Amino acid sequence: MERILVTGAYGQIGSELVPALRDRFGVDNVIAAGYKNTVPPQFFDGPNTDVDVADYSQLDSAIMDHQVDTVYHLGSVLSALAERDRKQAYAVNFSGVHNVLEAALANGVRQVIVPSSIAAFGPETPAHNTPNDTVQKPNTIYGISKVFTELMGNYYTTKLGLDVRGVRLPGIISWKVEPTAGTTDYAVAIFYGAIREGRYASFLGPDTCLPMMYMPDAVSSLIDVATADFDRLKHHVDYNVAAMSFTPAELATAIERRIPGFEMQYDVDPLRQSIADSWPDKLDDTVARQEWDWSPRYDLDAMVDDMLENLRRKLA
Ligand code: AKB
């Protein structure tokens, strides 16, 4: 039986991954771990705990106390905040990953799932149809931590026998919980601006093309890679997954088609623009399709329709 611990459980992805895992594996078998957060009411149906991933002993106790055999490690400081607070980024993104892997090994955990990101690529990476296996060399703290995560995960799998898996997530678009501190967050904030005020000022320039994905596909990518047949996998923590790529101007046009009169302005933030400029604009995900049948459901139009419908209902 699966006993799953999810770190970063109350964040943008955790808030949707935990219910999906509870549906599939039973509410009592999925332990949501936040850090100094009040437990959101929608998590009251199952077990919750408080874990600082930068503290090995807290992870060790949570895994032991709840007899965990699988960890989804989502706790992470995102790209823009990591540039501003390198100390916190190091504690969470480097020590946190190391602690999770060591605590998993020490307690006989079967599997660890940990997302990487498009941030694991850098300015020297081919930006168009970025291959799965190519030059990485990111120039951000967050990106460096994701390369560290990929390499450590692959090491623990091949050398130490812990089954570690992960995908390189693009910017994630969702309506339940707003992301904070990322570079791709404009693609969520724009929907709030469009519905509330009919306008939005983007902190990325109009032609900044980035890979993006709608939340249901992101949740599927994590569960699908976790449940894939190990014998088919030639990679472990470093799978490109793609769904759509667009610029702020293209997203604004798609919204304007549904909300006539929507006004897009640009108020570029140099920090986040420079991070975005170092990332690919479109990933080639052939390897994930071949090794575990990855296939996304949402393109730009399907995502915009679904976002507007659900966010209008939420904000009404
Ligand atoms: C960020 O913008 O930092 C994240 C990511 C692409 O990993 N959404």
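List of remarks:
- Over 25 Å (Cα to Cα) - which of 36/176; 36/159; 87/176; 87/146 fall in this group: 36/159; 87/176
- Residue by residue, the range 258-269 carries 3J(HN,Hα) couplings of 9, 10, x, x, 4, 10, 9, 10, 10, 9, 5, 9 Hz when phi is fed to the Karplus relation 6.51 cos²θ - 1.76 cosθ + 1.60 (θ = phi - 60°); x denotes Gly or Pro.
- Cβ charges +1 (Lys, Arg) and -1 (Asp, Glu), total dipole of the range 1-147, debye: 340 debye
- The residue among 105, 57, 118 whose Cα reaches farthest toward the positive pole of the charge dipole of the range 56-143, with charges on the beta-carbon of Lys, Arg, Asp and Glu, is 118.
- Rounded to the nearest 10 degrees, the inclination of helix 300-315 to the longest alpha-carbon principal axis of the chain is 80 degrees.
- Cα shape, the range 1-64, gyration tensor, a/c 1.5 rule: oblate
- Between the range 151-216 and the range 94-144, the Cα center-to-center distance that results, in Å: 15 Å
- Reciprocal mean inverse distance between Cα atoms of the range 153-252 - Kirkwood radius, Å: 15.4 Å
- Peptides 197-203, 118-124 ordered by packing proxy, namely the average of other Cβ atoms within 10 Å per residue, highest first: 118-124, 197-203.
- Protein heavy-atom accessible surface, 1.4 Å probe, per residue over the chain: 41 Å².
- Calculated SAXS-style log₁₀ I(q)/I(0) at q = 0.31 Å⁻¹ - the range 190-245, Debye, Cα scatterers: -1.20
- Cα gyration tensor shape of the range 1-107, rounded if a/c is under 1.5, else prolate or oblate by comparing a/b with b/c: oblate
- For the chain, the relative contact order works out to 18 percent when only alpha carbon pairs closer than 8 Å and six or more residues apart are counted.
- Straight-line cross-link partners of residue 137 among the aspartates and glutamates, defined as a Cα under 20 Å from its Cα and at least 8 positions apart when in the same chain: 83, 124, 150, 238, 277, 281, 284, 285.
- In the chain, one over the average inverse separation of all distinct C-alpha pairs is 19.7 Å, which is the Kirkwood hydrodynamic radius.
- Cα centre as origin, Lys/Arg/Asp/Glu Cβ charges: the range 109-167 dipole, Debye: 160 debye
- For the chain, the longest principal axis of the Cα atoms and the long axis of helix 14-25 meet at an angle of about 50 degrees.
- Computed over every Cα-Cα pair of the range 243-316 and binned at 10 Å starting from 0, the pair-distance distribution P(r) comes out as 14, 34, 35, 15, 1 percent.
- Based on the Kirkwood approach, the hydrodynamic radius assigned to the range 119-197 is 14.9 Å, with every pair of different Cα atoms included.
- The string of couplings for the range 144-157 from the Karplus curve (6.51, -1.76, 1.60, θ = phi - 60°) is 5, 5, 6, 5, 4, 4, 4, 5, 5, x, 5, 5, 5, 6 Hz, one whole number per residue in order, with x for Gly and Pro.
- Ordering 225, 213, 189 by Cα displacement along the dipole of the range 178-316 toward the positive end leaves 189 in first place; charges were set at the Cβ atoms of Lys, Arg (+1) and Asp, Glu (-1).
- Taking amide H atoms as placed 1.01 Å from N in the peptide plane, the amide H of residue 116 lies under 5 Å from those of 167, 168, 169, each 5 or more residues away in sequence or on another chain.
- Considering only 275, 89, 295, and ranking their Cα positions along the charge dipole of the chain that arises from unit charges at the beta-carbon of Lys, Arg, Asp and Glu, the one farthest toward the positive end is 89.
The values are calculated or read from the model by the stated rules, or taken from the named source; none is laboratory data. This one's a predicted model, so the numbers in the text were calculated from it and none came from an experiment. Every residue, glycine as well, gets a Cβ built from its backbone with ideal geometry; the counts of neighbours run over all protein chains shown. Surface accessibility is based on the protein's heavy atoms, side chains included, excluding ligands, DNA and RNA. Shrake-Rupley method; radii C 1.70, N 1.55, O 1.52, S 1.80 Å.
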